[in-house]
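To start, the structure itself, in structure tokens.
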Amino acid sequence: MNAKLIYVTVPSREEAEKIATAAVTERLAACANILDGVTSIFHWDDKLCREDEAILIFKTAAIRTEELVVRIKHLHPYKCPCITVLPIEGGAPAFLQWIEQETA
């Protein structure tokens, strides 16, 4: 099974729940974890920014990755959202199989 993790930052827990619920309901992801209370420090428009954000971590089948990224972009409020795709190189076979079944 070829699975992926998709890492996304969003401006609030509410936004994270909205995007996560859509992705899992539409079977684009098997699961989404929300990590709340994150502080991000970055440059934007030549200014140093400090923002409170939430992180989403999606688990999905590789074949659903592109569709999930498009859906996240559509729902995301940022002009340039942080969306990164990471390979899952191993893990518990039953869990990886579950990801495949949930995103079929």
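The values are calculated or read from the model by the stated rules, or taken from the named source; none is laboratory data. Bear in mind the structure is a predicted one, so any value in this text is a computation, not a measurement. Every residue, glycine among them, receives a Cβ derived from its backbone with ideal geometry; neighbour counts consider all protein chains shown.
With respect to (1) surrounded by 12 or more Cβ atoms within 10 Å (Cβ to Cβ); (2) at pLDDT 95 or above, the lone exception for K47 is condition (1).
A Cβ distance below 7 Å, combined with a sequence gap of six or more or placement on separate chains, defines the contacts here; from segment 40-57, residues that are more than 20 Å from I6 (Cα to Cα) and basic (K, R) reach residues that are at pLDDT 95 or above and in a strand (DSSP E or B) in the pairs R50/T39; R50/I41. Scanning segment 75-91 finds one or more residues that are among the acidic types (D, E), out of contact with any Lys or Arg (no Cβ under 9 Å at 6 or more places or on another chain) and closer than 18 Å to N2 by Cα.
A search for C-beta distances below 8 Å between a residue of segment 72-101 that is modelled with pLDDT of 95 or more and any residue that is surrounded by 15 or more Cβ atoms within 10 Å (Cβ to Cβ) and polar (S, T, N, Q), counting only pairs 6+ apart in sequence or on different chains, returns P81/T9; C82/T9; V85/T65; I99/T60.
Just to be sure, is A23 farther than 15 Å from N2 by Cβ and under 18 Å from the mean Cα position of the chain (by Cα)? Considered against the rule, which asks whether it is farther than 15 Å from N2 by Cβ and under 18 Å from the mean Cα position of the chain (by Cα), A23 comes out as yes.
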